[in-house]
Amino acid sequence: MSYLELKNINKSYAGVAAVHDFNLDIEKGSLVSFLGPSGCGKTTTLRMIAGFEQLDSGTIRLDGSDIVPVPPNRRDIGMVFQAYALFPNLTVRENIAFGLQMKKTPKKETEKRVNEVLDMVRLQDTAKRFPHQLSGGQQQRIALARALAVQPRVLLLDEPLSALDAEVRVVLRGEIRRIQSELAITTVYVTHDQEEALSISDKVVVMNKGLIEQIGTPEEIYRAPMSRFVATFIGTANQFLGKTSGKNKVLCNNVELLTGDLNGFEEGQAVVVLVRPENVQVQSDKPQQKNWNIVPGGIETITFHGAVTRLGVNVNGQRVVADITVANTQPVSLNQKIWLMFPPDACQVMAAEE
Amino acid sequence: MAKSRSTPFHVPNKKIRPAGWQVFLVGFFLFYMLVPIISTYVFSVATRWDRTILPEGYTLEFYQRAFDASYFTITLRNSLILSLATVLVSLLVIVPTVYWVHTRLAGAKPLLDILMILPFGIPTVVLALALVQVYNFSPLARSPFLLIGAVVIYSMPFMYRPVANAIQAIDAHVMTEAGQSLGANVFQVLSKIIIPNILPGILSGSLLVFATVFAEYTLTSLIVGARFKTFPLLLVEFTRINGNVASAFSVISFTIAWLVSILILWVGSKGQVAKTKAIRTG
Amino acid sequence: MKSSLQRKTGHTVDWLGFAPFLLFCLAFEIVPIIFLLRGSFIEKTTHQFTIQHYLDLQRPLYINSFINSIKLSGLTAIIGMIIGTFIGYAIYHWPSERVREALITLSDVTTNFAGAPLAFAFVVILGMNGVITQFMLQYFNYDLYPKFSIYSFSGLILAYVYFQLPLMVLLILPAFAGIKKEWQESAQSLGADTLQFWWRIGIPVLIPSLIAGLTLLFANAFGAYATAYTLVQAKLSLVTLQIGYMIAGEVRQDQAVGMAMAIGSLFIMGLSIGIYQAATLRTRRWSKS
Ligand SMILES: Nc1ncnc2c1ncn2[C@@H]1O[C@H](COP(=O)(O)OP(=O)(O)OP(=O)(O)O)[C@@H](O)[C@H]1O
Ligand SMILES: [Mg+2]
């Protein structure tokens, strides 16, 4: 039995479903991210766990007991908001002590605990300041400290970093992950930043339009997306539409692609083949590899992305994107005729819907 | 593989209702605010309404008598003259000043703010006493001109707020510089850019000043009194003479206030439309 | 193009643009008030400095006027602030936006319904033969009079609260908008109940607006004249009524006493603003503005 279990949760606003048939098990001490486009129901789900939204149907069990009837202030669940939500009339110390005071913790212990969490977020010297005297990043650390001070059973974070600068964001997400694993606190982390979700999570839940698209480790989500939505939402993927032919071939747009085993598909079924740009290699002369996909094309765009350079290549009228690192490729130029190659196991095949 | 996505699951639409305490408080508020007004309306058409819960009969006689009252047209005319003159002076004195301070003289903003809230801190009787004491020589002494000066001061905050908001909202300073950099002179900037853009604010302010001055009693009665009788003075006079006719006057005065409020709302919504349009096209 | 510093301080020429308005305020407001202050300290015949006019204020009539005015303004300001805040909260959380806007418009209109029409409306409902008076008499067999009278202090309170309530509603609504939903939710997830949230966070955050409202309501009632003039006349002495009588020459009092009274009421206005400043001194440590 998992620590936090969400079963068949439904929630709709004015007749329109915001979350539909949501099922999720979260292990004790793990960090799970909800990832998805705006309006897909991430916040709604989080707020149902916190108790700020009522469920239309379904159950939420925490440590074996149903928490749906428990009001938010008795759930023992900490929450961190995007807009920090520090109390403006209380100092940093008073903000952090607030939850402990609500629990009638003895003064000495409160003091000790406040100092502990201030140490944890490395902001001991701000204790006497008011929230408006702190930077955004500092405010969010204090908000985190405030939520952690009461040692909640679960920590919820709703896009905690999206109001911050890119640089602060990267530092702070590392901090959050460090503190989370040190305390081994069960955490749900909402974000629409895929890099953030992939880099700090034990498990990622990809959501779309109120539904779970896929649950998996960051690697699974990236390497084995189970739907076109996941494949295109997480990272970039080249898509080839076509029909299956034989045991390991897909015919698309006059290109024949060699793929892995096509066991699950019928002959001639409409499918889509997904290939990540970093799996596409570029050669100026025709490569000789056996059993690889090798197609000719012309370079249409070259975009410098820092670590990689992204090429937009016209292959028989279809745009194919390839990422190359400067270290292992010769210089390229616009309109250059080149060859693209990628192995069959870089091709992921899924049924084309709609 | 992804689940099929046949999204709209329709659940019975639960409309959010206000809570009981809200209904109670707002109900009390409505009762307090509306009962006196509604009663005045009913009283003005009631034949007799001092022995029963509901009036004994209805009549328009009191309106007839109100319109026939010897001073009715004169006071109405005087009130209109006073209100319009005040709006005019207000526009001439306040609007250019607010524009000037916002575009050329940001340093004077605190002083302007203080001058604009000062009238709230001076009881009208005190203002009346001060003016009557200082201007005790003709032609100003106890004249309508002195009165106009007084009511302009008294109604100043009502003009200032909407105009200042409008000028702030359009970033008049940047607009002026943009206009000038495109070769417009000060006059063209004002007539083609600034005034059309802050017109809703100017209109709201003018209407507010108009309504305020139209109902003004204290300054008028204490500075000029019977020499320049306005509508509110006539109303007070009739509360002593005939209650029913006085209620007819009250109704007229309420109705003007409502009309002006509706106009202000309407102007405000126009301003909103203009704003969103400007955003969409610009 | 001017530098921003120049724009802030301005050239002498720029100040000329401000001159017409400044002159207008000087002519019709500031200079007359200064003369009023001066006049209140001048003996009429000898033109000597004197504080006699202020000593004259000790007469029972004037003392009572000040006491009545302060009691009336203070009481209606407190009633208006408390009830107005609750009504404002109910309106702020009303689910329908159209109802909310309608109630705000109503407040806008009714808060300006002071003066004779308002006074008269209260006579219609609560006068000797008023609708509510009749209703109480016929259905509850209870005669409001003579215990209550619309022409007395208690009647004035009812009439003043009429314009104080909506004013408070208008003043407090923006303050409710400043209380973030996330604060309530944070407090809840930290174990606080509704009462604890309001006690520790909500009310402290509202305090500046509440005190500002109280001050404005007090000044609003203290300066009111027409409503009282129509309702109570000579039955109750108020500062504004006394000053009014002196201007109109209805009483044969020395006008200089009126000036002293006027300066006295300006002093009370100033004092209430001072109290406001002092009371919000603490909150300025944490509020940004
Ligand atoms: N209080 C509400 N009333 C009506 N509809 C709501 C309410 N809250 C959310 N919704 C709707 O429910 C859906 C899910 O909203 P939710 O806030 O959970 O999205 P989200 O995934 O958190 O998006 P974002 O990334 O923009 O924060 C949206 O379509 C939204 O419009
Ligand atoms: Mg969200």
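Want the number for A:ASN263 to A:LYS247: 0.36 nm per residue separation, take away the alpha-carbon distance, what's left?
Values: separation 16, 0.36 × 16 = 5.76 nm, distance 0.72 nm.
Full-extension gain reported as 5.0 nm.
Shape of region C:201-276 from the C-alpha gyration tensor: oblate (a/c of 1.5 or more and a/b not above b/c, with a ≥ b ≥ c the square roots of its eigenvalues).
Looking at the P(r) of the protein assembly as shown, how many percent of alpha-carbon pairs lie beyond 49 Å?
The calculated P(r) of the protein assembly as shown puts 44 percent of pairs beyond 49 Å.
Taken along the Cα-to-beta-carbon direction at a fixed 7 Å, the label points for C:LEU137 and B:LEU34 span 2.7 nm. Between chain C and chain B, the total buried accessible area stands at approximately 7100 Å², from heavy atoms with a 1.4 Å probe.
Here r is the Cβ-Cβ distance between A:LYS103 and A:LEU55 and R0 is 41 Å; the resulting FRET efficiency, rounded to 0.05, is 0.95.
Full extension of the chain between B:THR47 and B:VAL23 gives 5.1 nm of extra length, using 0.36 nm per residue less the Cα-Cα distance. Quick check for you: which residues of region A:329-354 have the amide N under 17 Å from the point 7 Å beyond the Cα of A:THR303 toward its beta carbon? Output list for this probe position: A:334-335. Rolling a 1.4 Å probe over the protein heavy atoms gives the protein assembly as shown an accessible area of 47 Å² per residue.
If you roll a 1.4 Å probe over the protein assembly as shown with all protein chains in place, what percent of the accessible area is carbon or sulfur? Percent of accessible area from carbon and sulfur atoms in the protein assembly as shown: 61. In this structure, B:GLN188 and C:ILE203 have a Cβ-Cβ separation that, at R0 = 51 Å, corresponds to a calculated FRET efficiency of about 0.45.
May I ask you to derive the FRET efficiency for B:LEU140 and C:HIS11 from their Cβ-Cβ distance with R0 = 22 Å, giving the value to the nearest 0.05?
In this case the efficiency is close to 0.05.
What shape does chain B take by its C-alpha gyration tensor, where a ≥ b ≥ c are the square roots of the eigenvalues and a/c under 1.5 counts as rounded, a/b above b/c as prolate, and the rest as oblate?
Values: a/c = 2.43, a/b = 1.12, b/c = 2.17.
Note, shape of chain B comes out oblate.
Rounded to the nearest 500, what is the protein assembly as shown's calculated 222 nm mean residue ellipticity when only DSSP H runs of at least 4 contribute -39500 (n - 2.57) each, over all residues? Before the final figure, lay out each step's value.
Numbers: 34 runs with 488 residues, N = 925.
Taken over the protein assembly as shown, the calculation gives -17000 deg cm²/dmol.
Taking a ≥ b ≥ c as the square roots of the Cα gyration tensor eigenvalues, with a/c under 1.5 meaning rounded and otherwise prolate when a/b beats b/c, else oblate, which class fits region C:52-288? Verdict is oblate for region C:52-288.
Counting only other chains, and only Cβ atoms inside 10 Å, what mean value do you get across the residues of B:22-32? Display every interim value, and only then the final one.
On the way: counts 9, 2, 2, 8, 7, 1, 5, 14, 3, 0, 8.
So the per-residue partner count for this stretch is 5.
Mind checking the mean number of beta-carbon atoms from other chains within 10 Å of the Cβ atoms in B:251-264?
Per-residue shielding by partner chains comes out at 2.
Take each residue in A:94-102, count the other chain C-beta atoms within 10 Å of its C-beta, and the mean is 4. Spacing of the modelled spin labels on C:PHE267 and B:TRP258, each 7 Å from Cα toward Cβ, amounts to 4.6 nm. Backbone amide hydrogens, once placed in the peptide plane, bring A:VAL280 within less than 5 Å of A:ASP323, excluding anything fewer than 5 places away on its chain. Taking label positions 7 Å along the Cα-Cβ direction at both B:ASN165 and C:LEU22, the computed distance is 2.9 nm, reported to one decimal.
The values are calculated or read from the model by the stated rules, or taken from the named source; none is laboratory data. Keep in mind that this is a model prediction, so the values were computed, not measured. Virtual Cβ from ideal backbone geometry, glycine too; neighbours counted across all protein chains shown. Ligands, DNA and RNA are stripped out before the accessible areas are found, and what is left, the full protein with its side chains, is counted by its heavy atoms. Shrake-Rupley method; radii C 1.70, N 1.55, O 1.52, S 1.80 Å.
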